[in-house]
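Here is the structure we will look at, set down as structure tokens.
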Amino acid sequence: MKEFQWPERVTVREVGLRDGLQSIARTLPTSQKLQWIQGAYDAGVREIEVGSFVPPKLMPQLADTAELVTFAKTLPGMCVSVLVPNLKGAERAMAAGADWMLLPLSVSHAHSLANLRKAPDDVVAEIGAIVEARRMAGSHCKIEVGMSTALGCTLQGRVEVPEVLRLIQAVLALGVDRVGLADTVGYADPRQVGDLFTQAREVAGDRLACGHFHDTRGLGLANVMAALQAGENRFDACLAGIGGCPHAPGASGNVATEDLVYLMGSMGIATGIDLQALLTLRQQLTGWLAGECLHGSIAQAGLPKTYTNPQNARLSA
């Protein structure tokens, strides 16, 4: 068996502006979202999911996504992604100039019908149409498919690994740039995560390029570790651990960005993110979202005196 080598660096993508805010009823003013993007950038974050091109009447919280893309694109070195649920959303993402569009594909048949009103194979067909639309438009926007409910579903229960692998193969054959695996409802355990990421990498190779974990049952960071040891080096996270899935009652949100950065830093794995600057940004978010339930351990307990992480010096612009 090949000896495991810890990576020197991982990439943390901040998804709070989309996955986090879509789960909160209030609409954060655009000016505060712009401060959030700038603050994250100043802290060293270089990948941000700024919103989603969904109909504003369905999610008014995300109606200003195009404006956020425009601003984020002015920041040197920033990789800007948006979630798109269909072809129309993809066309808007390309027109806005996003670097990546993230397409959700629920492995669970029941979740797919509830979330997108389409069966998984119908979603695959639409992804094919989006790939073709990108080609016809000559767009440089890259496509990532997020395999939602890949590790379990509140509606369906168990999700079978062969079905996850089948759908990964199907979208890769269409020409998408990469795929990610998501524990959308927080059902996964570390052993399950390690097994799935290992098998998925045999199918997708380096095009398996993201782990997305929810901390619904307190295993978010443990699952990150399992994916890390299975070769993953890009992870989604939400500042203050906000977010969740509407089909996961009681969900406590995503893995907290600041906790994930701390975890990596404590092991000497660089993220390029200044943790103190990130915690300062979280304090601002606490004010903006006063009254909302926020999560995360480092913000509550603080950094231990033994914490030193010179590798995580902030990236230059």
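The values are calculated or read from the model by the stated rules, or taken from the named source; none is laboratory data. What you see is a predicted model, and the numbers here were worked out from it, not measured in a lab. Note that we place each Cβ from the backbone using ideal geometry, even for glycine, and neighbour counts take in every protein chain shown.
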*asked:* I'm told residue 261 meets every condition in (1) at pLDDT below 95; (2) under 18 Å from the mean Cα position of the chain (by Cα); (3) buried (at least 19 other Cβ atoms within 10 Å of the Cβ) except one. Can you identify the failing condition by its number?
replied: (1)
*Do we have any residue at all in region 25-42 that's under 29 Å from residue 114 (Cβ atoms) and in contact (Cβ under 8 Å) with a residue 40 or more places away in the chain?*
yes
*Mind counting the residues in region 87-102 that are surrounded by fewer than 24 Cβ atoms within 10 Å (Cβ to Cβ) and either out of contact with any Lys or Arg (no Cβ under 9 Å at 6 or more places or on another chain) or among the basic types (Lys, Arg) (or both)?*
6
*Leading residue by the ranking (surrounded by the most Cβ atoms within 10 Å (Cβ to Cβ)) among those in region 280-310 that are among the aliphatic types (A, V, I, L, M) and in contact (Cβ under 8 Å) with a residue 12 or more places away in the chain*: 281
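Please tell me if residue 154 is buried (at least 17 other Cβ atoms within 10 Å of the Cβ) and over 24 Å from residue 206 (Cα atoms).
Numbers: buried (at least 17 other Cβ atoms within 10 Å of the Cβ): yes; over 24 Å from residue 206 (Cα atoms): yes.
Here the answer is yes, as residue 154 does meet what is asked.
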_Complete set of residues in region 70-119 that are farther than 22 Å from residue 45 by Cα and touching a Cys at 6+ places or on another chain (Cβ under 7 Å)_ = 94, 108, 110, 111
*Among the helices (runs of 4 or more DSSP H) lying completely within region 65-152, list those that include at least 3 residues that are among the β-branched types (Val, Ile, Thr) and in contact with a helix residue (DSSP H, G or I) (Cβ under 7 Å, 6 or more places away or on another chain).*
120-137
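For region 153-163, which positions are touching a residue at least 24 places away in the same chain (Cβ under 8 Å) and part of a helix (DSSP H, G or I)?
Hits for region 153-163 are 161, 163.
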